[in-house]
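The values are calculated or read from the model by the stated rules, or taken from the named source; none is laboratory data. Keep in mind it's a predicted model, so treat the numbers as computed, not measured. So basically every Cβ, Gly included, is an ideal-geometry build from the backbone, and we count neighbours across all protein chains shown. The protein model used for the area step is the full one, side chains on, heavy atoms only, and it has no ligands, DNA or RNA in it. Shrake-Rupley method; radii C 1.70, N 1.55, O 1.52, S 1.80 Å.
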Amino acid sequence: QVQLVESGGGLVQAGGSLRLSCAASGSIFSINVMGWYRQAPGKQRELVATITSGGWKNYADSVKGRFTVSRDGAKNTVYLQMNSLKPEDTAVYHCVVDYKRTVVTDMARSWGQGTQVTVSS
């Protein structure tokens, strides 16, 4: 089992910044993709940003130019730097990790519990 510990959420005014962190621990042989999804009240969960082990990044159009995803492979940690925050960024942000437990097992996905980000106007 893999545990994901998220931190960094909170309340910020529009135009402000926050940095989210997510550390993965447990039975991990390798990690492929790490990233973030978010879910606002009454809406479906949506991709925010992901980063592969090779450093390839993917962003939702709504956050391009404002958010930056990065990772520390040695620490199995993914970060999300969020700048120029808008009220529409308000949501619960969930960390996601695609990993293998051993060299022969299939890729699995683990989700974090989520951290609340609230942006006031």
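Please report, in debye to the nearest 20, how large the charge dipole of segment 59-98 is about its Cα centre when each Lys and Arg carries +1 at its beta carbon and each Asp and Glu carries -1 there. The partial results should precede the final answer.
On the way: 5 positive and 5 negative charges, 27 e Å.
Taking the Cα centre of segment 59-98 as origin, the dipole is about 120 debye.
Could you give each residue of segment 94-110 its phi-based ³J(HN,Hα) in whole Hz, using Karplus coefficients 6.51, -1.76, 1.60 with θ = phi - 60°, and x for Gly or Pro?
Once θ is set to phi - 60°, the couplings for segment 94-110 become 10, 7, 9, 9, 9, 9, 10, 6, 9, 5, 9, 7, 6, 5, 10, 10, 10 Hz.
Kindly give the semi-axes, whole Å and largest first, of the ellipsoid equivalent to segment 6-68, taking each as the square root of 5 times a Cα gyration tensor eigenvalue.
Working: eigenvalues 102, 45, 34 Å².
After diagonalising the Cα gyration tensor, the semi-axes are 23, 15, 13 Å.
When the distances between all Cα atoms of segment 74-118 are binned every 10 Å from zero, what whole-number percent does each bin get?
Per 10 Å bin, starting at zero, the Cα-Cα P(r) for segment 74-118 comes out as 21, 41, 25, 11, 2 percent.
Taking each pair of different alpha-carbon atoms in the chain once, compute 1/r for the pair, average those values, and report the inverse of that mean as the Kirkwood hydrodynamic radius in Å to one decimal.
Result for the chain stands at 14.5 Å.
Can you tell me the accessible area per residue over the chain, all protein chains present, probe 1.4 angstrom, in square angstrom?
52 Å²
Got a sec to turn the phi values of segment 62-79 into Karplus ³J(HN,Hα) couplings, 6.51 cos²θ - 1.76 cosθ + 1.60 with θ = phi - 60°, whole Hz, x for Gly and Pro?
Couplings: 5, 10, 4, x, 10, 10, 9, 9, 8, 8, 10, x, 5, 9, 6, 10, 10, 10 Hz.
Where the accessible area of the chain is counted over protein heavy atoms with a 1.4 Å probe, how much of it, in %, is carbon and sulfur?
Carbon and sulfur: 48 percent of the exposed surface of the chain.
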